[in-house]
Amino acid sequence: MMNMRREDWRLLQKTLLKLGSLVLVMFVFLIFAYQYVRNQAIALEQMKSNYNLEQTQRQLAQQEQANYLRYLPQYQHWITAGSIGEERRQQWLVQLRKVREQHHLFEINYDIGQQHLDQSHLIASNGLHRLYRSVMTLKLGLLHAGDLLNLLTGLASNTSPMIVRDCEILRLNEKEPRMKMLQPNLSATCELDWLTVKAAS
Amino acid sequence: MRLRRPIIVLYVTRPFLMASLWDRKIYQSHQVYQNEETGYTSFRQWLAGHQKAIVYLVVDTVEEEFQLTLLPHITGAARREMVLRKLTEFHRNCDYKTAYFLNRQTTLRQDDAYILYALSNSGFLQHWMDVLQSENALLARVTSMPMVSRRMVKQSKQVASHLLLCERLSVGLRLSYLQHGRLRISRLVPLPSKESALLTDDYLVEIEKMRLYLLSQKVMASETTLAISLSAFDRASDAIVKMLEQRAFQCSIHKRQDQIRSAGLSQSLVQKYPELLHMHCLASGCSFESIAPAEKTRRFYIQQVTQRLVVGMLMLIVMSLFAGVYLLLQAKEMADAREALQQQTAVLLQNQNLTLKPTDGVMTSSELKNVVMMAEKISQSSAMPATLMQVVSAALEDEPSISINRMRWVHSEYSLIKDEDDEYTAKKAAHSNMDNWVQVGFVNAEIKPFTGDYRTAVAIVNRFLEKLAHDVDVTDVVLLHKPVNGESMQVLRGSTSEQAPIPTEAAFKLAITLKSIEN
């Protein structure tokens, strides 16, 4: 191995400069290529995330549409049935009279309490809609127990769905039933929950 | 820049210099220049036309020394340093010198034996070196003829332990003694005549002289067989061999026909200039110890460094180009993938815009579902007291003496239910959960007519209970109040006196749990 002297370096200077320039050019080229690839990679990643986002949104929209198509008819059915929306007390009264007349029932005393938000969590409500409850009491005389069933069935089939919570039937006369006069043999007291679903106020 | 350069091999002797030009190991031409001013000028002019060529120089002279020296067996830089010091010590005034390893001694110290070689008078060489320096020739190596001869012996695979190589050259006869393939000593003998008859005598005389010298120096023993190798290029060789064999020498001729052919030389040319074969050996790229000081070959060294730098940098540039192209190809792939994704995203967006939203702006689908579920649950939670009535009615068919006074039906989500002064815990079904509601009936009844026969009354009640318990819609039946309480923990009062009033009623109370409604 020979030791390099200053004049040797001078001889090598030109070659080294040329090679150095070439290496510099290649270095710049490599940096440019690397940056270009990096930018493309970032753009691709961004596009992938956009695509995934759009795909997710599309899936959500499809799910949304499927849910709409599935539940909208039911929703409309329950609106018609009275489970969703405001209580229709006047319609209920009309229906009560109709049932009474249809089954020739004795007079019926009703008491519908003020509607309030149901706190009992009997039915879970997760969204913006809440369950509202009105407690209803019906008192009536019965010729026989079947009258009560006729009344409740008649109301259930033609008015808003209600939950019958409590019914008590008492025998009125201790002695033999008086068949000559049309008088109730039994008295019935029923408590019902009128439940409706509507948007929380 | 040419990576492969032509090669000039210079054969320098005291009377002349022969310059041969080689290209890819093939002989091209040669020139002979006399050791005088006109020769130098002509050589300078010829050399000026071959500035790109790499120059090797072989010195063939009588004035050379072979000095055996022993050095301790060491390695690495210390060994190099010690050899250099020894060389400088023995040949202080010689510019052209080198040392090479001969063998390792078998003595106790096991020293290394080196041959210190030097040109004792290199004055004739100086003029030619000046021309080379002035023309900036790329002098790669300066070596001596015996070293080239040693390499040629190695190439021809001659394995004799004691070999005397006899080579007739332009300037005379060179006798080289090789011990186990390593050059021990060599001498050049100028031959006054080239006549065949005279040559034979000269050979015999010089070989005998050499043999006696080796014996006197105790380089070999007297009984040692000395193998003689001749390079034969003329008719005299056969006669010489014959003469030598008559004198009990083991003799062999190497005609080197293959080498002559591969070098592109002719037989006649080799006969005239046998050293052309040695020059071919150099032109073929064989490596030799350089006897010249480093200064003489500096330009070549710089050129080598430059060439290596260029090659290295070119490799780096090619690799960078490959890397760059690879990166750009990757970028193109990514760009294509991005474009494809962009199109797919556009299609997605277009399809999304076509998606129907029936209640757009009213509520979300999950809210819609939630509302529907709540409404359905309300519907599913409804129940009627009909089941209780049917169950009781069916049980009463076989017990006409039981009269119902009161019946209460409770539909509740709670198990514990109060009725009048009683508390009753309904049994929920095993698989039920908190959402399951219960239907419980409380029945107040009595036995009619009752004549005070409690035993019969209890039997009737038990039958009634049993009938109820067997009903498929009933989960549990509990008798809350018996017609008469005969338990030890309760108070029982009355009289058996005939004057005592006869009991008129046998009332009892039941709690019935109906099967749950599955929501």
Output the residue which, of all residues in the range A:35-63 that are among the hydroxyl-bearing types (Ser, Thr, Tyr) and within 7 Å of chain B (Cβ to nearest Cβ), is nearest to B:Val325 (Cα to Cα).
A:Tyr36
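Is at least one residue of the range A:119-139 among the charged types (D, E, K, R), within 30 Å of B:Ser393 (Cα to Cα) and assigned to a helix (DSSP H, G or I)? So that I can check it myself, show each step before the final result.
Step one: filter the range A:119-139 for residues among the charged types (D, E, K, R), giving A:130, A:133, A:139.
Now drop any that are not within 30 Å of B:Ser393 (Cα to Cα), which leaves A:139.
Checking which are assigned to a helix (DSSP H, G or I) leaves us with none.
Checking the range A:119-139: not a single residue is among the charged types (D, E, K, R), within 30 Å of B:Ser393 (Cα to Cα) and assigned to a helix (DSSP H, G or I).
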The correct count of residues that are out of contact with any helix residue (DSSP H, G or I) (no Cβ under 8 Å at 6 or more places or on another chain), charged (D, E, K, R) and under 25 Å from B:Gly181 (Cβ atoms) in the range B:216-271 is 5
In the range B:182-216, residues that are under 19 Å from B:Leu102 (Cα atoms) and modelled with pLDDT under 85 total 0
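Conditions (1) in the same structural domain as A:Pro161 (by TED's automatic domain parsing); (2) farther than 30 Å from B:Arg308 by Cα; (3) at pLDDT below 85, marked per residue:
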position: A:Asn3; (1), (2), (3): no, no, yes
position: A:Arg6; (1), (2), (3): no, no, yes
position: A:Lys14; (1), (2), (3): no, no, yes
position: A:Phe27; (1), (2), (3): no, no, no
position: A:Val37; (1), (2), (3): no, yes, no
position: A:Asn50; (1), (2), (3): no, yes, no
position: A:Ala61; (1), (2), (3): no, yes, yes
All but one of (1) of a type outside the set (Val, Ile, Thr); (2) in contact with a strand residue (DSSP E or B) (Cβ under 9 Å, 6 or more places away or on another chain); (3) not assigned by TED's automatic domain parsing to the domain that holds A:Ser160 hold for A:Leu22; state the number of the condition that does not hold.
(2)
Within the bounds of the range A:98-105, is there any residue that is outside any helix (DSSP H, G or I) and surrounded by 15 or more Cβ atoms within 10 Å (Cβ to Cβ)?
yes
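Of all residues in the range B:272-284, which are assigned to a helix (DSSP H, G or I) and either closer than 20 Å to B:Gln155 by Cα or in contact with a helix residue (DSSP H, G or I) (Cβ under 8 Å, 6 or more places away or on another chain) (or both)?
Keep residues of the range B:272-284 that are assigned to a helix (DSSP H, G or I), which gives B:272, B:275-283.
Residues satisfying the conditions are B:Glu275, B:Leu276, B:Leu277, B:His278, B:Met279, B:His280, B:Cys281, B:Leu282, B:Ala283.
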Number of positions in the range A:172-194 that are modelled with pLDDT of 90 or more and farther than 28 Å from A:Gly85 by Cβ:
4
Here is a check on your reading of the model: is B:Arg308 closer than 30 Å to B:Ile8 by Cβ, out of contact with any strand residue (DSSP E or B) (no Cβ under 7 Å at 6 or more places or on another chain) and without any contact (Cβ under 8 Å) to a residue 40 or more places away in the chain?
yes
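Which of the residues belonging to the range B:214-268 are among the charged types (D, E, K, R) and outside any helix (DSSP H, G or I)?
Step one: list which residues in the range B:214-268 are among the charged types (D, E, K, R), which gives B:218, B:223, B:234-235, B:238, B:242, B:245, B:247, B:255-256, B:258, B:261.
Those that are among the charged types (D, E, K, R) and outside any helix (DSSP H, G or I): B:Lys218, B:Glu223, B:Asp234, B:Arg235, B:Arg247, B:Lys255, B:Arg256.
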For the range B:224-240, check the following and say yes or no: at least one residue is at pLDDT below 85, in contact with a Phe, Trp or Tyr (Cβ under 9 Å, 6 or more places away or on another chain), over 18 Å from B:Arg168 (Cα atoms) and hydroxyl-bearing (Ser, Thr, Tyr).
yes
Name the one entry in B:Ser252, B:Ser268, B:Ser262, B:Ser290 that is farther than 30 Å from A:His129 by Cβ, hydroxyl-bearing (Ser, Thr, Tyr) and crowded, with 18+ Cβ neighbours inside 10 Å.
B:Ser290
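Filter the range B:317-341 down to residues that are more than 26 Å from A:Met47 (Cβ to Cβ) and surrounded by 15 or more Cβ atoms within 10 Å (Cβ to Cβ), then give me how many there are. Full working, then the answer.
Of all residues in the range B:317-341, those more than 26 Å from A:Met47 (Cβ to Cβ) come to B:317-322.
Pick out the ones that are also surrounded by 15 or more Cβ atoms within 10 Å (Cβ to Cβ) and you get B:317, B:320.
Adding up the residues that qualify gives 2.
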Any idea which of (1) away from chain B (no Cβ under 11 Å); (2) among the acidic types (Asp, Glu); (3) exposed (fewer than 15 other Cβ atoms within 10 Å of the Cβ) is the one A:Glu87 doesn't satisfy?
(3)
Pairs only if they're at least six apart or on different chains, beta carbon under 8 angstrom, first in the range A:141-157 and more than 10 Å from every other protein chain (Cβ to nearest Cβ) and closer than 11 Å to A:Ala188 by Cβ, second acidic (Asp, Glu) and not in a strand (DSSP E or B); list them, first residue then second.
A:Gly141/A:Glu107
Any chance the range B:119-137 includes a residue that's surrounded by 21 or more Cβ atoms within 10 Å (Cβ to Cβ), more than 20 Å from B:Gly181 (Cα to Cα) and within 47 Å of the chain's Cα centre (by Cα)?
yes
Of the numbered conditions (1) in a helix (DSSP H, G or I); (2) farther than 30 Å from B:Val318 by Cβ; (3) not charged (D, E, K, R), A:Asn3 satisfies every one except a single condition; which is it?
(1)
Of all strands (runs of 3 or more DSSP E) fully inside the range B:367-465, the set with 1 or more residues that are facing chain A (nearest Cβ under 10 Å) and in contact (Cβ under 8 Å) with a residue 24 or more places away in the chain is B:402-412, B:416-419, B:437-447
Can you report the number of residues in the range B:70-85 which are surrounded by 16 or more Cβ atoms within 10 Å (Cβ to Cβ) and closer than 30 Å to B:Trp128 by Cβ?
1
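Scan the range A:1-33 for residues that are within 24 Å of B:Leu328 (Cα to Cα) and at the interface with chain B (Cβ under 7 Å from one of its Cβ atoms) and jot them down.
Our first condition is that a residue be within 24 Å of B:Leu328 (Cα to Cα); within the range A:1-33, this holds for A:19-33.
Within the range A:1-33, A:Leu19, A:Leu22, A:Val23, A:Met26, A:Phe29, A:Leu30, A:Ala33 meet the criteria.
The values are calculated or read from the model by the stated rules, or taken from the named source; none is laboratory data. This is a predicted model, so every value here is computed, not measured. As a convention, Cβ positions derive from the backbone with ideal geometry for all residues, glycine included, and neighbour counts pool all protein chains shown.
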